[in-house]
1. How much FRET efficiency would the formula 1/(1 + (r/R0)^6) give for residue 735 and residue 649, where r is the Cβ-Cβ distance and R0 is 35 Å, rounded to 0.05?
2. Residue by residue through the range 387-393, what is 3J(HN,Hα) from phi via Karplus (6.51 cos²θ - 1.76 cosθ + 1.60, θ = phi - 60°)? Round to whole Hz and write x for glycine and proline.
3. Using modelled backbone amide H atoms (1.01 Å from N, in-plane), which distant-in-sequence or interchain residues come within less than 5 Å of residue 237's amide H?
4. The range 692-745 to the range 414-452: how many Å between their Cα centroids?
5. Hey, what did the range 707-766 get for relative contact order, percent, Cα under 8 Å, at least 6 apart?
6. Could you please rank 758, 416, placing first whichever residue has the fewest other Cβ atoms within 10 Å of its Cβ?
7. Compute the FRET efficiency between residue 350 and residue 185 as 1/(1 + (r/R0)^6), taking r as their Cβ-Cβ distance and R0 = 45 Å, and round to the nearest 0.05.
8. For the pairs 181/278; 568/591; 113/278; 373/591, note any where the Cα-Cα span goes beyond 21 Å.
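Throughout, read-outs are computed from the coordinates displayed, never taken from laboratory work. Keep in mind that this is a model prediction, so the values were computed, not measured. We place every Cβ from the backbone using ideal geometry, glycine too, and count neighbours over all the protein chains shown.
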Amino acid sequence: MRSSHLPFKISSLLISFILLFSAQNIFAQPTWKSTFENNPNLVTKLVPKNDSTFFGFCHYSKFFQKSTDGGVSWNTVIGFDSNYTILDGSFINQNIGWIIGYNWDTYLGVVFKTTNGGTNWIKQSVSNQYSTGRAVYFLNENTGWLGLQNSAGGILLATTDGGQNWSKSVFSGVWGISRIKFLDNDNGWILGFNHFLNKTTNGGINWIPITINNVPYSYNSDNDFFPIDMDSGFALVTSFNTGLQTSSIMKTSNGGNNWNLMFSYTDNLTSNSRGFDKINFINSQTGYINGEFNFLFKTTNGGFNWNQVNTNCPLLVSSLLFLNETNIIAGGGPTQAGSGARYNMIIKSTNSGINWSIKDHNWYLNFSDVYFKDLQNGLAVADTGYIFKTTNGGTNWNKLFKNSSIGIRNFNYIDENILCGIGSGGKIYRTTNFGNDWNQVQPSSIQGINDLKIVNSEIGFASGSNGVALKTSDGGQNWFNLAVPIASDYSCTGIDFINENTGWVIANKVGGAPPFFYQYYQKIIKTTNGGNEWSVVMDNTNATTVFSKLKFSDANNGYLINYNSIAKTTDAGATWNSLGSNSNINYSTIKALNPNVWLAGGKETVNGNYRGAIYKTTNAGLSWNMQFSENGTSVYGSGVNSLFKLDSMNVWFCGDMNAIFKSTNGGNVFVSQISSIVPEGFSLKQNFPNPFNPTTKINFDLKNAAFAMLRVYDITGREVRTLVYEKLTAGSYSYDFNAIELPSGVYFYQLQADGFVETKKMILLK
């Protein structure tokens, strides 16, 4: 970075503007940011804090989502690393909030607090006798309530010091408090199971039971409650009668003493019963009710009339957030009737719910291969047909295209722009422009290719099903069959060459007859003249497992991997010695950094969940040490799918759940490489931590290439530091600001790029 001494003076008017603007700070981006908008967790609640900042709480996970651009894009914040179910959350501003749920293992209720917009969470102390925290509501930084349950019934906890201490109220016969809504310090409502609705007018000291009358049938559950004020409000109830489900909207105008039926909807329980789930009012006249399976009703006259919105919403809606009457954000998951499939999706409507914008939702992408031709330029492919490119060493990734019919899953480098890859159906594809376009090149009669090895700019080999081995002599443009001593009932699962002459193929089949129903057969063949002639170096007709991949570092030393074990040869494949098995890891890839140093990656099982792991040997396989393990675990199964070595020090791996990591020290330490695709706009993020001493991180986004200036000013408007003064490509950037020589105080940082100007405040405390 170059420093700048251009004159700049912030006027008193500008300082006033900055101070005003700083009150609307958006919280800092996390170190790990989801590449895409989604994770495989059901969004159960959405919370707005202003026109641009929203929070999403994800059921059955540790994930917490946020948007700082009005719901256009969402980032995932991983706030804690234990197994929790989060059921509710409450934020008083963009930074301070609480979430509540329970621990999967103990079923005890848990409460967490954040003071930096969800980046970090502090567990607050509540009695371990309470199970399943269901509701939380805070009026301000000090005053709040929690809804839980235990064997005695529903538990309501109240605090006046931000959660340091809690007072308790017990409601016997109530199976948990599910909703808490306060209008001010004194007036509030709580909703629970077993037809439980209470209100207070003295801050929870006393509670008045409310009975909902005039329901069409004897109702079974209270779904939701929305107070307009202490006199008027709406309740959703569900009734069941002779195979039918009736959802009703009830209204009170006298504080709950009497209720009037405003609307009801009945459907057959044998079909996909939809029912009412949540009710929200934008103002005194306009309100919405949502339910499952594209279910949305609207009123424009204070609840007297309700009309179903003919919506194209593709969601099993769990939560709605209303920016105004026309702009709505929905959280939930796509579903087919009766399938039960639920995945996370956050979408937006700009015409009162009639139509919904759906971005390219892919949940978590599973990256199958990564390749770098140098330290800056690389490609990554996902199993959904996506291909991404980076030109800045993995800091940013641009989506080239999505083609599920091609579906490139791994590739080999030929020269600077030419690569060959295996795609959908086991076909070989070739690109001459570094991944922008791909053409099928293998004979159409041959498919089911399993592995590929490019030796140089002309020579390459491939192995596949039905005992097939192929070779190219023209850089992958044409491929021809090799005559290999492998029967057609074998699958050639792996191939490796150390030069254009010497290579190996491993083939497997599963067969057998009673009593040997699962008998494994393995063959390894070797060539020393480029595939013209082959010799069988191993023929095992009584194998105990199937080895899928083999890799050699030289003419004698190589490794085999299968799901749980690694085997090694020192005599060119004639004999193999097991290095032991580990039932807790499934190996998927192995790479030699040199003859003695190898990395093996796969999927490690921990307490029934999966996480990616990499093991390293520095003594040619005599011992292996774990070099990398994901911090969190996931029932959805993250893992390491492929390793790529540029040189002995620069190594990448990719895997499931958006994972691309890089090591610059030979695999000793891996750091996350995956970043957002090209941003949709310019933005300057709130620094983190804030306040700080003496270092903090500043992140910003550029939607296109631009000359960017990132500068720091003191409270008087004097420039104290220039962090960025150069042309940058489109992408997301992160800079560390070290203020060790500066005194404590308030500072401002400003981003200017392509007409975009934004300023934020930060505080240095020493």
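1. The formula returns an efficiency of 0.90 here.
2. Karplus-based 3J(HN,Hα) across the range 387-393 equals 10, 10, 10, 10, 10, 10, x Hz.
3. For residue 237, whose amide H was placed from the backbone, the distant partners under 5 Å are 223, 248, 250.
4. 43 Å
5. 36 percent
6. Ordered from fewest to most neighbouring Cβ atoms within 10 Å, 758, 416 come out as 416, 758.
7. FRET efficiency, residue 350 to residue 185: 0.80.
8. With Cα atoms farther than 21 Å apart: 113/278.
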